[in-house]
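A short write-up of the structure that comes next.
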Amino acid sequence: MATHLLPSDLLYAYAAGHCAPAMRLLISTQMQLCDETARRVEELEALGGALLERVEPTAMSEGALETVLARLDASPAETSGSTAANDDDVEAFPAPLREAAREALKTASWRFAGPGIRTLTLPVDGHAKAELLRIQPGSGAPRHGHKGAEITLVVRGAFRDETGVYGAGDVSVASPDVEHRPIAEPGETCYALAVTDAPLAFTGALGWIQRAVQA
Ligand code: ZN
């Protein structure tokens, strides 16, 4: 069965400020594309502080919740408009992703990654990598496996692989033992944000992906 929503563990790590920056970018972007995700994060935050404090008093850093709330409040209007990337599609992205793409386009450009596919590496701290994919309808990545975990958020358009069809706001969670061949659906150009890393790196000690794989 396809996983179109992120595992709760990962959203919880986000709410608690434990997510790798690349994953934070993906979740904050998804929250603007998917009401269900935004609602789940809010619920976790409502439970979260109290639970975390009970389990491990020092787990939540000073101001972590404020940071998350500030992020939730961030609206497209507050971002600076002075660094136009001259790319209409990028300008239409949710604010967190748009800012990252604008930043990337200052020093890099879309790279050819196969027929109909271009990629843009986004500047994020930490080990996890964030890459924006631009896939023409009917084109796709070759069949591949994964050394680590790969989480892909569809930002616009849609793609299909062996596990299902993913539209805007959906995430595909590929564990290291999954092989797949994503192909963009007919219609508009598909944009997707792919975050990759070793299985445990997204949330540190929480290790959600190990549990997800074992489930
Ligand atoms: Zn993959």
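Filter segment 172-185 for residues that are in contact (Cβ under 8 Å) with a residue 60 or more places away in the chain and away from the ligand (no atom under 12 Å from the Cβ) and give the result.
Ala184
Yes or no: Glu53 at pLDDT below 90 and either at positive phi or open to solvent by 20 Å² or more (accessible area, probe 1.4 Å) (or both)?
Judged against the criteria, Glu53 is a match.
Assess whether Thr152 counts as being open to solvent by 20 Å² or more (accessible area, probe 1.4 Å) and of a type in the set (Val, Ile, Thr).
Here the answer is no, as Thr152 does not meet what is asked.
Would you confirm whether any residue within segment 192-214 is under 30 Å from Asp89 (Cα atoms), of a type in the set (Phe, Trp, Tyr), open to solvent by less than 10 Å² (accessible area, probe 1.4 Å) and at pLDDT 75 or above?
no
Which residues, taken from segment 159-171, are more than 16 Å from the ligand (Cβ to nearest atom) and either of a type in the set (Lys, Arg) or open to solvent by less than 40 Å² (accessible area, probe 1.4 Å) (or both)?
Within segment 159-171, Gly167, Gly169 qualify.
The values are calculated or read from the model by the stated rules, or taken from the named source; none is laboratory data. None of the values given here were measured: they were computed from a predicted structure. Reconstructed Cβ throughout: ideal geometry from the backbone, glycine too, with neighbour counts over all protein chains shown. Only protein heavy atoms, including side chains, enter the accessible area calculation; ligands, DNA and RNA are left aside. Shrake-Rupley method; radii C 1.70, N 1.55, O 1.52, S 1.80 Å.
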